[in-house]
Structure formats: structure tokens, C-alpha cells
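What follows is a short report on a single structure.
The values are calculated or read from the model by the stated rules, or taken from the named source; none is laboratory data. Quantities reported herein were computed from a predicted structural model and do not represent experimental measurements. Glycine gets a Cβ as well: all are built from the backbone with ideal geometry, and neighbour counts include every protein chain shown.
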Amino acid sequence: MTADPQNLPFDYDAELRRYHQRLLTAMDVGPDDNVLDIGCGTGLTTREAARRAVSGSAVGVDISAGMVATARRLSEQDGLRNVHFEQADAQVHPFPAERFSLGISRFGTMFFTDPDAAFTNIARALRPGARLVQLVWQDSRHQEWATVIRHALGDGRTPPVPAVGNAFSLANPADAERLLTAAGFIDIQVTDVREPVYYGSDAEAAFNAIRSLGMTQDLRTDVDPAQTEHAHQRLLDTLAAHHTADGVWFDSRAWVITAQRR
């Protein structure tokens, strides 16, 4: 492995390409919508929303300055004039009250350290009757990618998972419904979605992509070099077993959660 994962940021747009199409259908952006994209990353969903909201607009927010900079550059390249990006924490950012007719998020709402405050803040930014459409992961036991990485790099160990601020914090629909109801949302619907996720064109590309993920650093602490080498080989072998003519894919499951601002 010669590539340095620190210089190869994980490509979430490629990983989630199948889920992206599911979200586009669910969010159903209208020509007059003003859209808020929460945890927009490099802005793919924001740009798609802006293209559909031809008489409206789209605003993407993300806590990562690097991702926001990339999102701005890509929107400029696309010539989009009705899109705007802000580096902001949606949990506390002072959005204009009742500004947006639609809120969307592609796996961006699970990481709030205070989800009650976050969804209340998002609700304030949405107009009465506005929709909120979000994709969130189901429980980790339904995520083949998480199981494979943990088994290969963690020697079967399961690190402690915080109750909030992790990828699976909204995996329980009852928890999501409680949060949304308390924040002022009604007509909450949860839909099971199952799509494979993409990790690279071949085993080596997938290996380097996985090494760039923060969770892999947590799984490989306090392990000697020989054990690390064995773990890397286990992971490479598993990735090779998942290699298809279309790249390396893993099974996964998510929820599409929709709600309406009261």
C-alpha cells in the first residue's frame, strides 16, 4: 500500500450513490422551494436541490470548513446562482426564522451532541407546514461495512458507542420520533431503505479509503506492528472477496425519515 490515506479523503458521494437517488426521490424538491441542506458535506445534495428549485434557492451548511470550500468551488464550476454554503453547526446556528420550505439531510443529522437542541433549531428555521426529509443509518448490525471493518481491524472488539453524536444515534425510530415530536414536527414517517454502499474500484482502493475513516483509527489503538499487519491483510482479503465487476460493495440499511413542521 503506497497511498497515504491522509491525502485521500473518503469519497462519501461515491459511497452513497445508491442512497443519493433514494433521497432525491423522497425530498421531491419543487421549483419554488427554499431548501436547507443539513450536514451538506461537499454539497452534492444541495446542488441537486438548487437545480430543481429553479425559482427558489438552496443553502447547505456543514461544520467542516474544507468540505464547505469544496462545495462552493463545485457550485461555481456548475454555474449555479441560487445556491449558498455556510460553515456552520446546525445545532446552534442562528438561521433566519421560518426561512425554508424544505429541510433535507443525507446522513448528516446523527452526529449532534445535543439532538434535542439541534432539531428544535432546525424546526425554527422551517416554515409551518415545511417538510423535513432525512436519511439515517439503521443499527450497526445491519451495516455490513461496519461489521467487516470492526472484525478485520478490531479483532472482534466492539468499542463503546456514545448515546449521541455517532453514526447510529437515530437508528431506533422511536428515538427519532421522540426528538422530532418534541421539536415541533408532526406526521412522522419512517421508511426502510436497503442499498449497497461503494468503497472503491478494487480491494486496494477500498483499503486506502477505509484507512482514511476516523473509526479505523479508533479500532487500531495500542496494537503492535505485527498485529496491525495481520489486521490489514484480513481487511484486504475481505475486500477482495467483496470485489465485483463494478467495484467493492457492502450491504447496508437505512431509514428515510420524513416529517412536517407543525
Got a sec? Which strands (runs of 3 or more DSSP E) wholly within the range 17-126 have at least 2 residues that are modelled with pLDDT under 95 and buried (at least 22 other Cβ atoms within 10 Å of the Cβ)? none
When you scan the range 91-124, how many residues do you find that are over 17 Å from ARG178 (Cα atoms), small (Gly, Ala, Ser) and out of contact with any Leu (no Cβ under 9 Å at 6 or more places or on another chain)? 1
Which residue is farthest from the chain's Cα centre (by Cα), if the candidates are limited to the range 187-197 and must be among the charged types (D, E, K, R) and part of a strand (DSSP E or B)? ASP187
Residues that are within 20 Å of ILE257 (Cα to Cα) and touching a Cys at 6+ places or on another chain (Cβ under 6 Å): does the range 44-55 have at least one? yes
Just one listed residue, out of GLY200, GLY184, GLY129, GLY165, is under 26 Å from ARG18 (Cα atoms) and over 16 Å from the mean Cα position of the chain (by Cα), and it is GLY200
Selection over the range 117-143 where residues are touching a helix residue (DSSP H, G or I) at 6+ places or on another chain (Cβ under 6 Å) and of a type outside the set (Ser, Thr, Tyr) yields a count of 4
I'd like the residue in the range 198-245 that is part of a loop (DSSP other than H, G, I, E, B) and of a type in the set (Gly, Ala, Ser) and, out of all such residues, is modelled with the lowest pLDDT. SER212
Return the residues of the range 101-156 that are free of Cβ contacts under 8 Å to residues at least 12 places away in the same chain and farther than 24 Å from ARG194 by Cα; say none if nothing qualifies. GLY156
Single unsatisfied condition, VAL161 versus (1) part of a strand (DSSP E or B); (2) at pLDDT below 95: (1)
Unmet criterion (only one of (1) touching a residue at least 60 places away in the same chain (Cβ under 8 Å); (2) farther than 30 Å from ARG178 by Cβ) for ASN34: (2)
